[in-house]
Structure formats: structure tokens, C-alpha cells
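Okay, structure first, notes after.
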Amino acid sequence: MLNMTKTVTINGSSHIEGMIAETFNATIDSNNPENMNLSSYIQNTKTYRENQTQCDKDAEEFRTKAFEIQDAMIAEKAALRQE
């Protein structure tokens with residue numbers, strides 16, 4: 001028997017003067033959108049450390065947008081249950 005899962009993956013990155021300092025990822029399972037996996041990876045330690053304030057702002061913006069997408073998926077799932 002085949003089981004399938006649809007996931008939404010969101011990727012972002014903090015660019016400083018043309019260099020990627022940090023990347024961000026979020027994965028949401030559409031069957032259970034209440035759960036979201038968030039992660040980040042420092043791509044360039046020197047650039048990240050020199051620009052940590054900006055990277056932190058970018059990370060917060062990424063999380064906010066990821067949570068907005070998650071909220072929309074949760075609402076969509078709830079609406080489908082009511083039909």
C-alpha cells in the first residue's frame with residue numbers, strides 16, 4: 001500500500017555584500033501543519049560574526065514568514081475538515 005505525505009519546504013538566506021552568511025530552512029507537513037521543523041546554518045562564519053545583528057534580523061523575518069505560512073496551512077486544514 002502506498003502512503004504519501006505532502007510537505008512544504010521554505011528556504012531563505014541572509015546575504016551580506018554578495019556573500020551568504022546564513023541559510024534558513026522550514027519544513028511543514030501538510031497532514032500535520034501544527035508541527036514545523038526550523039533550522040539554520042552559518043555558511044560563512046567570518047561574515048556572520050561581523051554582521052550578526054543583520055543576520056539575526058533576517059532570521060527573525062524568516063521565522064515570521066514561515067509561521068505565517070504555517071498558520072495559513074492550519075486554517076486550510078481546519079476549513080477542509082468542516083466541509
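Name every residue in the range 17-28 that is free of Cβ contacts under 8 Å to residues at least 24 places away in the same chain, under 29 Å from THR5 (Cβ atoms) and not β-branched (Val, Ile, Thr), in order of residue number.
Answer for the range 17-28, where residues must be free of Cβ contacts under 8 Å to residues at least 24 places away in the same chain, under 29 Å from THR5 (Cβ atoms) and not β-branched (Val, Ile, Thr): just ASN25.
Could you count how many residues in the range 29-60 are free of Cβ contacts under 8 Å to residues at least 40 places away in the same chain, more than 30 Å from MET4 (Cα to Cα) and among the aliphatic types (A, V, I, L, M)?
So the count comes out to 1.
Sort through ALA72, ALA78 and tell me the only one that's among the small types (Gly, Ala, Ser) and over 19 Å from the mean Cα position of the chain (by Cα).
The unique qualifying residue is ALA78.
Which is more than 17 Å from the chain's Cα centre (by Cα) and either loosely packed, with under 13 Cβ neighbours inside 10 Å or at positive phi (or both), of GLU34, GLU17?
Only one candidate passes the filter, namely GLU17.
We did not get these values from a lab; they are worked out from the coordinates using the rules stated. These numbers come from a predicted model, not from an experiment. All Cβ positions, even for glycine, are placed from backbone atoms using ideal geometry, and neighbour counts span all protein chains on display.
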